[in-house]
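Written below as structure tokens is the structure these notes are about.
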Ligand code: UDB
Ligand code: ZN
């Protein structure tokens, strides 16, 4: 099982690499890696397991964050309405997105960044993501709100992009035009 010791931190060059596509059908080894990403986020949200292993509670994790430069992500979140978004995907890709943007009023953080970095991170308000699950099924997922933000944050890791790259350096809390403010 993965712990915080497996997660590389800001400044590690692997976080800035473009991850390679995972060949389909996936190897057993790649399936195990993908499952371990989802297991981390699920374990980290279980208070007992998290405290036992000192896991920082996370909503998503990408393979480059465990120093594996392959296109794999996991997301596990409960949205505002209590719906669960639990996905582990090979080769996730945004196939369409809204013009409208959104941002978390509280800003973003990252399991690979130990300090808080203030500011709004502009994202697309709605995205459609295609990818392949661990069983080889091709999925097409439509997302908005917090789940859409988490998927964009994780897919950025596959392209060597960090959330703070998008923060307005001169005015971190500058108004983002045509954007929905998400409170939590
Ligand atoms: C997170 N969690 O897991 F708005 F219920 C962050 C950390 C870095 C603070 C642990 C998080 O944002 N939780 C959260 C946010 C809400 C409502 C709620 C829980 N990540 C994952 C990560 O670093 N993946 O690479 C950072 C998130 C920032 C925005 C999307 C992902
Ligand atoms: Zn991150």
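The values are calculated or read from the model by the stated rules, or taken from the named source; none is laboratory data. No experiment lies behind these values; they were computed from the predicted model shown. Positions of Cβ are generated from backbone atoms using ideal geometry, with glycine treated the same way; all protein chains shown enter the neighbour counts.
In region 87-105, which residues are assigned to a strand (DSSP E or B), surrounded by fewer than 17 Cβ atoms within 10 Å (Cβ to Cβ) and free of Cβ contacts under 8 Å to residues at least 60 places away in the same chain?
Listed by number, the residues that qualify are 95, 96.
Please indicate, with yes or no, whether at least one residue in region 71-80 is buried (at least 17 other Cβ atoms within 10 Å of the Cβ), modelled with pLDDT of 95 or more and outside any strand (DSSP E or B).
Keep residues of region 71-80 that are buried (at least 17 other Cβ atoms within 10 Å of the Cβ), which gives 71-77.
Retained after the next criterion (residues that are modelled with pLDDT of 95 or more): 71-77.
Subset that is outside any strand (DSSP E or B): 71.
Yes: one or more hits.
I want to confirm something. Restricting to region 128-182 and keeping residues that are part of a loop (DSSP other than H, G, I, E, B) and within 15 Å of the chain's Cα centre (by Cα), which single residue is surrounded by the fewest Cβ atoms within 10 Å (Cβ to Cβ)? Full working, then the answer.
To start, the set of residues in region 128-182 that are part of a loop (DSSP other than H, G, I, E, B) comprises 133-137, 159-162, 167-178.
Restricting the remaining residues to those that are within 15 Å of the chain's Cα centre (by Cα) gives 159-162.
Values: 159: 13, 160: 16, 161: 16, 162: 19.
Across region 128-182, the extreme among qualifying residues is 159.
It is to be established whether one or more residues within region 16-28 are within 18 Å of residue 153 (Cβ to Cβ) and within 11 Å of ligand 1 (Cβ to nearest atom).
Filtering region 16-28 down to residues within 18 Å of residue 153 (Cβ to Cβ) leaves 16-19.
Applying the additional criterion that residues be within 11 Å of ligand 1 (Cβ to nearest atom) yields none.
Scanning region 16-28 turns up no residue that is within 18 Å of residue 153 (Cβ to Cβ) and within 11 Å of ligand 1 (Cβ to nearest atom).
Hey, does region 106-120 have a residue that's more than 14 Å from ligand 1 (Cβ to nearest atom) and either at negative phi or without any contact (Cβ under 8 Å) to a residue 12 or more places away in the chain (or both)?
Start the filter on region 106-120 by keeping residues that are more than 14 Å from ligand 1 (Cβ to nearest atom), which leaves none.
No, every residue in region 106-120 fails to be more than 14 Å from ligand 1 (Cβ to nearest atom) and either at negative phi or without any contact (Cβ under 8 Å) to a residue 12 or more places away in the chain (or both).
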